[in-house]
Amino acid sequence: SIHDAILVNVPSTQSNPKVSMKSEYPTVQKTADGTQTTAAQIGDTVEFVLTTTVPDMTEYDVYQFAFKDLMSNGLTFVDGSLTIKVGDKNVKNDATHGYQFTKNGQNLTVSFANLNDDNTELADDTPIQAGDVITMTYQATINAQAVIGSLANTNTAYVEYSNDPSDATGATKGTSLRVTSSVYTYGIEIHKYHDADTAENRLAGAIFELYKGSDTTPLKLVATG
């Protein structure tokens with residue numbers, strides 16, 4: 001759960017004292033092919049990117065942290081596509097010294113047992129620190145279960161984090177606000193006729209190619225029924 005902020009009077013002899021708040025809640029941002037909303041066809045692969053900033057953890061012995069991502073049924077996770085980075089450096093794929101990835105149906109989870117631990121490291125053995133920006137990137141293919149038309153195929157994501165410094169295990173957690181990225185897929189019907197545009201003049205077995213804008217690669221057509 002997310003707790004309400006607390007306002008406290010801070011006595012000071014300064015006319016304009018500066019106060020730094022250490023208890024900022026983690027947030028997450030998410031894009032699909034670089035934007036929050038994109039369009040693609042069945043069979044296309046879309047890249048999803050989640051970003052968050054490591055918060056101040058000085059009051060915690062153990063700081064558990066996790067990305068949570070729920071894909072719609074119209075998306076199929078591409079095995080082997082997941083990367084977790086700080087800047088351009090990979091985080092160790094190790095449950096003890098980095099992150100652990102689990103996939104349960106359409107639910108994706110990237111978890112850190114303890115971010116507040118010098119053993120939670122990047123691939124070059126440097127520790128993850130407060131202020132680092134962690135990026136989770138993966139790909140998913142639009143499948144035949146995709147929603148076609150004005151309704152989007154959505155991905156909802158949030159981060160889960162320890163929020164009680166008095167809990168030495170870090171097991172008491174809160175969650176960020178949820179963010180959603182949307183992928184739209186559109187269906188079209190194409191008929192080819194001879195002479196007049198009438199049902200009896202439709203050409204059976206007509207062959208043609210479709211292109212998107214100035215792209216020279218034909219669109220892939222996938223049978224859905």
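The values are calculated or read from the model by the stated rules, or taken from the named source; none is laboratory data. Owing to the predicted nature of the structure, the values given are computational and were not obtained by experimental measurement. All Cβ positions, glycine included, derive from the backbone under ideal geometry; neighbour counts span all protein chains shown. Only protein heavy atoms, including side chains, enter the accessible area calculation; ligands, DNA and RNA are left aside. Shrake-Rupley method; radii C 1.70, N 1.55, O 1.52, S 1.80 Å.
Some observations on this one:
- Test result for Q129, of a type outside the set (A, V, I, L, M, F, W, C), open to solvent by 60 Å² or more (accessible area, probe 1.4 Å), in contact (Cβ under 8 Å) with a residue 60 or more places away in the chain and under 30 Å from A39 (Cβ atoms): no
- Single residue of segment 172-206 satisfying the filter (hydrophobic (A, V, I, L, M, F, W, C) and closer than 30 Å to V49 by Cα) that is surrounded by the most Cβ atoms within 10 Å (Cβ to Cβ): V183
- Per the listing A152, A157, A144, the residue uniquely open to solvent by less than 60 Å² (accessible area, probe 1.4 Å) and out of contact with any Lys or Arg (no Cβ under 7 Å at 6 or more places or on another chain) is A152.
- Boolean, T135 is free of Cβ contacts under 8 Å to residues at least 12 places away in the same chain, surrounded by 13 or more Cβ atoms within 10 Å (Cβ to Cβ) and either within 21 Å of Q100 (Cα to Cα) or touching a Lys or Arg at 6+ places or on another chain (Cβ under 9 Å) (or both): no
- Any chance N155 is at pLDDT 75 or above, farther than 30 Å from Y60 by Cβ and out of contact with any Cys (no Cβ under 7 Å at 6 or more places or on another chain): no
- Selection within segment 160-171 - in a loop (DSSP other than H, G, I, E, B) and either open to solvent by 60 Å² or more (accessible area, probe 1.4 Å) or among the small types (G, A, S) (or both): S166, A168, T169, G170, A171
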